[in-house]
There are 2 protein chains.
Amino acid sequence: MGSIAPYQRKHKITVVGSGNWGCAIAKIVAENAASNPDLFEEKVEMWVFEENVEVPQTSKNYNASNTGPQKLTEVINNVHENVKYLPGIQLPVNLHANPSLEDAVKDSTLLIFNLPHQFIIKTCEQIKGKILPYARGISCIKGVDVNGTGIHLFSETIGRILGIYCGALSGANIANEVAQEKWSETSVAYDPPHMDSQVPTPQRSPSSSTANLVEFQHKDTSGQISEVKLQALPSEYPPVDHAVLKTLFHRPYFHVRVVNDVAGVSISGALKNVVALAAGWVVGMGWGDNAKAAIMRVGLMEMVKFGDTFFSATIDNRTFTDESAGVADLITSSSGGRNFRCAKYSVERNQPIEEIERTELNGQKLQGTLTAVEVNSFLKNQGMEHEFPLFTAVFRILEGTMKVEEIPSYIER
Amino acid sequence: MGSIAPYQRKHKITVVGSGNWGCAIAKIVAENAASNPDLFEEKVEMWVFEENVEVPQTSKNYNASNTGPQKLTEVINNVHENVKYLPGIQLPVNLHANPSLEDAVKDSTLLIFNLPHQFIIKTCEQIKGKILPYARGISCIKGVDVNGTGIHLFSETIGRILGIYCGALSGANIANEVAQEKWSETSVAYDPPHMDSQVPTPQRSPSSSTANLVEFQHKDTSGQISEVKLQALPSEYPPVDHAVLKTLFHRPYFHVRVVNDVAGVSISGALKNVVALAAGWVVGMGWGDNAKAAIMRVGLMEMVKFGDTFFSATIDNRTFTDESAGVADLITSSSGGRNFRCAKYSVERNQPIEEIERTELNGQKLQGTLTAVEVNSFLKNQGMEHEFPLFTAVFRILEGTMKVEEIPSYIER
């Protein structure tokens with residue numbers, strides 16, 4: 001695929017984050033950058049939180065004459081494998097691991113955020129004012145941003161801190177399978193104000209870009225309308241539209257549907273992890289497939305209700321049932337996903353889930369437990385715990401005030 | 001639970017069919033008949049297609065001094081186990097296996113149909129005119145009745161042949177798990193014309209019941225309206241309403257939601273088996289959970305579209321996404337269901353699915369393959385194969401004109 005009109009500049013891509021899902025997405029966009037040289041700069045930056053790692057003997061990149069700790073970025077750039085978080089997967093040679101966050105995002109027009117949600121705000125504050133003012137973001141973050149009584153999508157939080165427009169990517173995407181190029185689907189949601197195509201004259205220099213602000217009305221999740229000023233993308237660049245985003249993310253093994261519903265795609269990605277915990281517990285109890293399906297049905301209904309109740313201004317209910325980010329992600333997360341697996345082991349081994357996290361996740365944390373706590377704190381503030389019995393049950397089981405055995409009668413309507 | 005008013009007569013229950021799902025449902029209703037003596041006669045009849053069986057040595061009912069073939073009905077009535085189709089499960093003592101179809105349904109007000117869909121029409125024709133004219137039916141049959149260019153729900157087909165009203169039961173119910181009393185949910189759909197409560201005087205004898213016909217307009221699946229004459233239930237009986245049906249089917253381990261959408265519940269139960277075949281093939285290929293989830297997402301969308309297109313007069317789309325018969329049944333059928341398993345083995349062992357059927361199903365047949373062929377013949381007649389690419393792909397793979405590898409590009413939209 002290529003653009004129709006020749007543009008003077010190409011999009012520079014940065015992936016912010018390098019866990020297993022960060023690396024899998026970075027692999028995809030680097031492959032597409034290489035095969036679409038008219039749209040994208042070939043070299044793709046990936047910010048890597050630097051740490052010392054040892055190349056395991058099981059890696060094909062193990063070198064007996066060079067053992068001992070090495071910097072993760074150097075390992076990635078030398079042998080093109082994230083030996084710690086995505087071992088066994090060959091990363092593209094045009095993917096550059098960068099230990100400096102500020103350097104990695106500099107001059108990039110496309111910023112892909114893919115890191116655990118507890119780190120996102122700090123990370124954005126660190127690069128605030130240091131990115132191109134007309135950059136566009138895509139959030140791959142599973143979770144919702146809960147502060148005080150409010151709840152926000154991470155795409156909104158990122159956009160607000162950085163003063164850019166940010167969409168979302170989420171789908172039925174167990175990271176390791178995507179990295180192994182097993183066929184899957186995903187949802188990209190992107191619905192910016194109609195402005196990029198309305199800029200008549202290319203802005204030659206980013207520094208003159210303040211002349212090019214476009215105001216638009218932003219309706220937030222509570223339905224409140226606020227004026228937001230966004231920087232239009234200079235017309236030297238190919239416009240960032242659904243077609244370009246499809247070219248950025250679509251691979252023969254990774255089928256992309258681009259939609260407008262950022263709220264639906266983001267909420268699904270967050271809440272399905274909470275449901276997957278319950279599914280894992282139930283399977284761990286040996287209750288079988290019917291019971292798991294019942295949990296998932298109730299979970300899907302609570303996901304839809306949550307969207308309806310708190311994001312009604314923007315959400316499209318069909319996202320939950322029609323798109324990969326909805327029901328499909330719920331299905332795969334409740335089969336092979338890490339929240340499901342850890343919850344299952346927790347019951348089977350009679351160990352707290354934090355213990356399983358430590359032994360199974362190689363230093364990474366579960367998103368579902370965090371989201372369950374945050375969602376519950378929000379629901380409690382709204383006085384609506386009883387309206388979402390499954391989400392509430394998950395929280396109570398996590399805090400130890402309820403047992404898995406109580407779920408069926410607790411959620412029965 | 002009990003009725004509020006005392007009624008002169010109780011409902012007599014017959015289960016028509018005794019496969020693994022037939023026996024699991026018969027166990028449930030027999031348990032509820034025993035514990036609700038004010039509503040139901042204690043003895044529940046189950047029609048069993050008679051055959052000679054041997055009690056396997058693994059059965060706790062094996063008797064070394066009484067080996068050799070025995071009649072299946074006698075085994076069930078003597079040792080309360082269907083040693084052939086639901087081995088290892090203790091059936092209630094008030095469940096009576098009856099080899100005579102006509103005797104089993106005689107005088108019953110509640111007929112529960114639970115047999116493979118290829119046998120249903122012949123079975124109904126055999127009992128036509130020999131049942132109570134005011135009996136009510138519940139169809140547990142997965143499948144749709146395709147003849148010529150028309151497609152009908154089995155609940156409609158049963159109702160039409162027998163001249164009674166028939167609802168449907170379907171849900172996320174792997175039979176063996178239900179039989180083992182593992183927690184699950186189900187959907188019962190029942191939406192008769194409002195007539196039962198309108199009969200002022202009890203009819204003392206069924207033979208006088210022809211005086212008590214109520215006409216109502218029946219809107220069939222094509223939207224056509226026809227006049228149907230139904231026999232009102234005499235007011236000596238507790239009315240057959242949602243509350244009574246819940247009492248009939250609900251158990252502590254089997255949670256029932258009663259809804260009105262007979263079409264949605266029936267269609268889901270039929271079409272999910274077609275999707276489960278595709279899910280099984282994909283997993284058999286080793287493509288993983290994301291790929292399976294993608295198949296199920298596309299399958300769910302085609303199920304909704306099928307309902308919208310051909311049953312728009314009556315269907316409620318939310319059944320597919322909100323009820324156990326919809327998304328939950330799709331999930332469990334694509335995990336532990338027999339269509340899924342046989343399709344998976346078929347790829348893994350590189351054997352035709354008919355061969356797997358023979359070796360895995362102990363004489364029973366897959367419903368999914370039959371439904372896939374019937375649905376395709378209907379879609380072909382409508383010139384709409386291309387509108388349902390996954391259903392069409394399943395048919396073509398079954399007939400050998402397409403390969404599993406072609407599914408992703410074939411269904412991509």
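The values are calculated or read from the model by the stated rules, or taken from the named source; none is laboratory data. All figures in this text were calculated on a predicted structure; none of them were measured in a lab. Virtual Cβ from ideal backbone geometry, glycine too; neighbours counted across all protein chains shown. Only protein heavy atoms, including side chains, enter the accessible area calculation; ligands, DNA and RNA are left aside. Shrake-Rupley method; radii C 1.70, N 1.55, O 1.52, S 1.80 Å.
Does A:Val15 count as among the β-branched types (Val, Ile, Thr), part of a loop (DSSP other than H, G, I, E, B) and either within 17 Å of the chain's Cα centre (by Cα) or under 23 Å from A:Leu72 (Cβ atoms) (or both)? Considered against the rule, which asks whether it is among the β-branched types (Val, Ile, Thr), part of a loop (DSSP other than H, G, I, E, B) and either within 17 Å of the chain's Cα centre (by Cα) or under 23 Å from A:Leu72 (Cβ atoms) (or both), A:Val15 comes out as no. Checked across the stretch A:53-74, the condition of being surrounded by 16 or more Cβ atoms within 10 Å (Cβ to Cβ), among the hydrophobic types (A, V, I, L, M, F, W, C) and assigned to a strand (DSSP E or B) holds for at least one residue. Of all residues in the stretch B:247-265, those that are among the small types (Gly, Ala, Ser) have Cβ atoms under 9 Å from Cβ atoms of residues that are part of a strand (DSSP E or B) and modelled with pLDDT of 95 or more, 6 or more apart or on another chain, in B:Ala263/B:Ala168; B:Ala263/B:Ala189; B:Gly264/B:Ser187; B:Gly264/B:Ala189.
Can you find a residue in the stretch B:286-296 that is under 24 Å from B:Tyr410 (Cβ atoms), of a type in the set (Val, Ile, Thr), within 8 Å of another protein chain (Cβ to nearest Cβ) and buried (at least 24 other Cβ atoms within 10 Å of the Cβ)? Within the stretch B:286-296, none of the residues are under 24 Å from B:Tyr410 (Cβ atoms), of a type in the set (Val, Ile, Thr), within 8 Å of another protein chain (Cβ to nearest Cβ) and buried (at least 24 other Cβ atoms within 10 Å of the Cβ). Look at A:Met301 and say whether it is free of Cβ contacts under 8 Å to residues at least 12 places away in the same chain, of a type in the set (A, V, I, L, M, F, W, C) and open to solvent by 10 Å² or more (accessible area, probe 1.4 Å). In short, yes. Highlighted here are the helices (runs of 4 or more DSSP H) found entirely within the stretch A:106-196 that include at least 1 residues which are surrounded by fewer than 23 Cβ atoms within 10 Å (Cβ to Cβ) and more than 14 Å from every other protein chain (Cβ to nearest Cβ): A:120-127, A:154-162.
In the stretch A:87-98, the condition of being under 22 Å from A:Leu230 (Cβ atoms), more than 14 Å from chain B (Cβ to nearest Cβ) and of a type in the set (A, V, I, L, M) is met by no residue.
So A:Thr314 ticks every box in (1) more than 8 Å from chain B (Cβ to nearest Cβ); (2) under 18 Å from A:Lys182 (Cα atoms); (3) modelled with pLDDT under 95 but one. Which box is left unticked? Only one criterion is unmet by A:Thr314, namely (2).
If you filter the stretch A:339-368 down to residues that are under 15 Å from A:Ile141 (Cα atoms) and open to solvent by 20 Å² or more (accessible area, probe 1.4 Å), you find that the one that is nearest to the other protein chains (Cβ to nearest Cβ) is A:Gln367. Screening the stretch A:253-266 for residues that are β-branched (Val, Ile, Thr) and open to solvent by 10 Å² or more (accessible area, probe 1.4 Å) and picking the one that is farthest from the other protein chains (Cβ to nearest Cβ) gives A:Val262. Name the residue that is most open to solvent (accessible area, probe 1.4 Å), counting only residues in the stretch A:75-105 that are of a type in the set (D, E, K, R) and out of contact with any Lys or Arg (no Cβ under 7 Å at 6 or more places or on another chain). Ranking the qualifying residues of the stretch A:75-105, first place goes to A:Asp103.
Candidates in the stretch A:148-182 are the residues that are polar (S, T, N, Q) and closer than 21 Å to A:Ser268 by Cβ; of these, the one that is nearest to the chain's Cα centre (by Cα) is A:Ser170. The conditions of being of a type in the set (Lys, Arg) and modelled with pLDDT of 95 or more are met by A:Arg136. For the stretch A:377-390, state whether one or more residues are within 27 Å of the chain's Cα centre (by Cα), of a type outside the set (Asp, Glu) and within 14 Å of chain B (Cβ to nearest Cβ). Yes, because at least one residue in the stretch A:377-390 is within 27 Å of the chain's Cα centre (by Cα), of a type outside the set (Asp, Glu) and within 14 Å of chain B (Cβ to nearest Cβ).
Contact map, the stretch A:370-392: first residue closer than 20 Å to A:Ala279 by Cβ, second residue surrounded by fewer than 21 Cβ atoms within 10 Å (Cβ to Cβ) and among the polar types (S, T, N, Q), Cβ cut-off under 8 Å, separation 6 or more or different chains; pairs are A:Leu370/A:Gln118.
Just to be sure before I move on: is A:Val258 within 24 Å of B:Glu177 (Cα to Cα), of a type in the set (Val, Ile, Thr) and at pLDDT 95 or above in the structure I sent? Criteria not met by A:Val258. Report yes if A:Gly269 is over 17 Å from A:Ile174 (Cα atoms), within 14 Å of chain B (Cβ to nearest Cβ), crowded, with 24+ Cβ neighbours inside 10 Å and not β-branched (Val, Ile, Thr), otherwise no. No. The residues of the stretch B:39-65 that are of a type outside the set (Val, Ile, Thr) and modelled with pLDDT of 95 or more, listed by number, are B:Leu39, B:Phe40, B:Glu41, B:Glu42, B:Lys43, B:Glu45, B:Met46, B:Trp47, B:Phe49, B:Glu50, B:Glu51, B:Asn52.
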